[in-house]
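Please treat every number below as a calculation from the coordinates, not as lab data. Remember, it's a predicted structure, so these values are computed and weren't measured experimentally. Here Cβ is always computed from backbone atoms with ideal geometry, including for glycine, and neighbour counts include all displayed protein chains.
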Amino acid sequence: MSGGPHCAVVGAGIMGAAAAYALARRGARVTLFEQFPFGHDRGSSHGATRLFRTAYFEHPDYVPLLKRAAMLWRELEEEAHETLFEMTGVFMAGRADSGLIAGTSLAAEQHGLHLHRLSRAEARKRFFWFALDDDMEAMIEPDAGFVYADRARAAYLKAASAHDAELHENSPVSGWTAKGGQIELEAGGERHCFDRLVLAPGAFAGEFVKLGRKFLQPLRKSLFWTSPGEDRFTLANGFLPYAIEEADGRFRYGFPAVDADGVKIGEHTGGAPVADPLDQAPDAAAEARRDMEAFLKRRIPGVSSTIIKEQSCLYAMSPDGHFIIDRHPESEHVVLAMGHSGHGFKFAPLIGEALADLALKGETMREFDFLKLARFDQA
Ligand SMILES: Cc1cc2nc3c(=O)[nH]c(=O)nc-3n(C[C@H](O)[C@H](O)[C@H](O)COP(=O)(O)OP(=O)(O)OC[C@H]3O[C@@H](n4cnc5c(N)ncnc54)[C@H](O)[C@@H]3O)c2cc1C
């Protein structure tokens, strides 16, 4: 057992799992609490795959973080002895002025990243699966691909445990108090004392993080799978992960078939705001399904538009769609990562390191400055 500070981590989504690993590897004593069974599907981190992109349309300031995150995914692969990250390239299409195409182009230009722009003829030939409008541009981002999400979360938990972290599932934390440099935490009807607290509660942040509810809006999102049809929608056949933004701003994405579940497809825009993160919002799910069937017929006519599997997941939206990674205003010994707003997974290895930095050293890379809470004071 280590002699470093005793750190509690709340949440075993990808962020809490990555933080537990980073802390334990640095010699801290780590106890992680997860309210549900490990690997559960009630939060934001479950499922086979998550997109990874580097030319980040959401904000060019994420690019340096993504370059580092890509290296850290490879380090986790080495530690776990399994493939967790596929740099396949991602196919993107939309109008030149769409957030996706314009934002990706801007990030690539500012950071000297390569984008392979496809002529109409090339797009039709190489990506014949997609029926694109004449006014859409198409490109491939080579520094992009996907992460195997369930595997990555399990790998972090296993690696944390190998570095002596104590991991507790089915252990909801009902509250915490910072007092004179110590943190008191209530879990399973018992009080525990820690030197540091790392909060990574995803869409369950609510009152628990003691910042007020204004920093988080949980959104219920639906995901769908359709049949891969004679293996045509596989990586081996050149079908890449993709993102398409429509003229009305709706943004859908999908993956090649990577397992027996078939071809996964989702919508990044939209979703049903829910007051309670466990609310399933069935009416919104039914509407999303109808909408996705129509999208498949229109944009990927060769794939079956019959949905064979359906699941849901939570986006934990921050007020501006950017993450909140910071020390807690109430105590320098409490640090948090929340508001990942539906695009955090790819950053998890680096967010885990940042949380460990903040908890153990009180500061992290200055590239995280734009994600501090203080930005909301200025708004
Ligand atoms: C459908 C969907 C598609 C996505 N696609 C992408 C993508 O392509 N690329 C990408 O980068 N990102 C993507 N994301 C976003 C990404 O998955 C999330 O940003 C990330 O998983 C957030 O992880 P988290 O650890 O913050 O939250 P979570 O995974 O929700 O983990 C929080 C954990 O904390 C636990 N917890 C909360 N409160 C307590 C408590 N009091 N006591 C004990 N435990 C507690 C919860 O049970 C949960 O397990 C997607 C998300 C969804 C939903």
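Simple spin-label estimate for H192 and R290 gives 4.7 nm between the two label positions (7 Å along the Cα-to-Cβ direction from each Cα). For the stretch 170-175, the Karplus equation 6.51 cos²θ - 1.76 cosθ + 1.60, evaluated at θ = phi - 60°, returns couplings of 6, 10, x, 9, 8, x Hz by residue, with Gly and Pro reported as x. Of all beta bridges that DSSP places with both ends in the chain, some 75 percent have antiparallel geometry.
Net charge in the neighbourhood of S341 (other residues with Cβ under 11 Å of its Cβ; Lys, Arg +1, Asp, Glu -1) is -2.
One chain, two ends: E166 and A121. Fully extended at 0.36 nm per residue, the span grows by 10.6 nm beyond their Cα-Cα distance.
Listed by number, the DSSP H helices of the chain that run 18 Å or longer by alpha-carbon position along their axis and have mean Kyte hydropathy of at least -0.5 are 63-80, 149-162, 348-361. Extension gain for E75-A102 works out to 6.5 nm (0.36 nm per residue, less the C-alpha to C-alpha distance). Working from Cα pairs under 8 Å separated by at least six residues, relative contact order for the chain is 23 percent. The listed peptides 11-21, 89-99, 215-225, 168-178, ordered by packing as a protection proxy, come out as 11-21, 215-225, 89-99, 168-178 (highest mean of other Cβ atoms within 10 Å first). Remark: the A260-K214 segment gains 12.5 nm on full extension, using 0.36 nm per residue and subtracting the alpha carbon distance. Could you please report the charge total around L76, scoring K, R as +1 and D, E as -1 over all other residues with beta-carbon less than 12 angstrom from its beta-carbon? Residues near L76 contribute -1 overall. Across the options W73, F38, F52, the greatest Cα extent toward the positive end of the charge dipole of the stretch 28-84 (unit charges at beta carbon of Lys, Arg, Asp, Glu) belongs to F52.
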